[in-house]
Amino acid sequence: MRVVCIDLTSEFYLKSQKLRNQVLREPLGQNLFDEDLSDEINQFHFVALEKTQVLGVVVLVPHYKNGMGKLRQMATSEEVRGKGYGIMLVKALELFASEHGMTSIILHARHTAIGFYEKLGYQITSDVFQEVGTDHVVMEKNIGVLER
Ligand SMILES: CC(C)(COP(=O)(O)OP(=O)(O)OC[C@H]1O[C@@H](n2cnc3c(N)ncnc32)[C@H](O)[C@@H]1OP(=O)(O)O)[C@@H](O)C(=O)NCCC(=O)NCCS
């Protein structure tokens, strides 16, 4: 398995959207392809690849707020859960963010995923709120900044 930051013109973008839809939207009775995705061109899309198969995805909104990147759309395929793909995707995103001048990452965690982000050093910084019809909290982590 390798984690790569994809070009949005590549075949992997549609594959990553299908995985996001399957993991993050269909279980909620929603469809990712009904959403306005036009801003995604300005975001960085990391995928976990096994040959040409996309088995995980996470997206970085660069410089979302001062010095802060936003992590969104974290999903791994059910058949690879617990094998470290999720952690490798977040670490790749954090390294990239750090190399591009961001010093912290913010995200909206579903209640069921809080433990995953805590393992990665994220801390809860908000009360519970609703997003896509399910409980979420804001979580944040300082990642420092790398010299280029
Ligand atoms: C959350 C998710 C991305 C984790 O992906 P994964 O590929 O299973 O993660 P990893 O294998 O890298 O797991 C890393 C560690 O976190 C733990 N972990 C994974 N998911 C967890 C969860 N939901 N709650 C608590 N711990 C979790 C694993 O047990 C593992 O711990 P270990 O290193 O002690 O064995 C995946 O379960 C998923 O796609 N869930 C559905 C979508 C979702 O909720 N996305 C997040 C939206 S905010």
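Here the 3J(HN,Hα) profile of the range 95-112, calculated from phi with Karplus coefficients 6.51, -1.76 and 1.60 at θ = phi - 60°, is 5, 4, 4, 5, 5, 10, x, 9, 10, 8, 10, 10, 7, 9, 9, 5, 3, 6 Hz, Gly and Pro shown as x. Compute the label zone of residue 83 within the range 1-16: residues whose backbone N is under 18 Å from the point 7 Å along Cα-to-Cβ. From the range 1-16, the list is 1-4, 16. Within the accessible area of the chain, the carbon and sulfur atoms contribute 49%, probe 1.4 Å, all protein chains present. Per residue, the chain exposes 54 Å² of solvent-accessible protein surface, assessed with a 1.4 angstrom probe and all protein chains in place. If all Cα-Cα distances of the chain are sorted into 10 Å bins from 0 onward, what percent lands in each bin, rounded to whole numbers? All Cα pairs, binned at 10 Å, distribute as 11, 42, 39, 7, 0 percent.
When only Cα pairs below 8 angstrom with a gap of at least 6 residues are kept, the range 64-148 shows a relative contact order of 33 percent. When you count the other C-beta atoms within 10 angstrom of each residue and take the mean per peptide, 116-127, 59-70 line up highest first as 59-70, 116-127. When only alpha carbons are used to place a centre, the range 1-55 and the range 96-148 end up 19 Å from one another. Here the chain carries DSSP beta bridges of which approximately 90% are antiparallel, counting only pairs with both residues inside. Within the listed set 73, 17, 130, the Gaussian network model of the chain (springs between alpha-carbon atoms below 10 Å) gives the highest mean-square fluctuation for 130. Summary value for the range 2-102: 27 percent relative contact order, contacts being C-alpha pairs under 8 angstrom separated by 6+ residues.
Anyone know which of 96, 46, 129 comes out most mobile in the 10 Å Cα GNM of the chain? With Cα springs under 10 Å in the chain, the top fluctuation among 96, 46, 129 is at 129. Our coupling estimate for the range 4-18, obtained by passing each phi through the Karplus curve with A = 6.51, B = -1.76, C = 1.60 and θ = phi - 60°, is 10, 8, 8, 7, 6, 8, 7, 4, 6, 5, 4, 4, 5, 5, 5 Hz, Gly and Pro reported as x. Residue-wise HN-Hα couplings along the range 41-47, as the Karplus relation 6.51 cos²θ - 1.76 cosθ + 1.60 with θ = phi - 60° gives them from phi, are 4, 8, 10, 9, 10, 9, 10 Hz; Gly and Pro carry x.
The values are calculated or read from the model by the stated rules, or taken from the named source; none is laboratory data. Predicted, not measured: the structure shown is a model, and the values here were computed from it. With ideal geometry, Cβ positions are generated from the backbone for all residues, glycine too; neighbour counts draw on all protein chains shown. Ligands, DNA and RNA are excluded from the accessible area calculation, which covers all protein heavy atoms including side chains. Shrake-Rupley method; radii C 1.70, N 1.55, O 1.52, S 1.80 Å.
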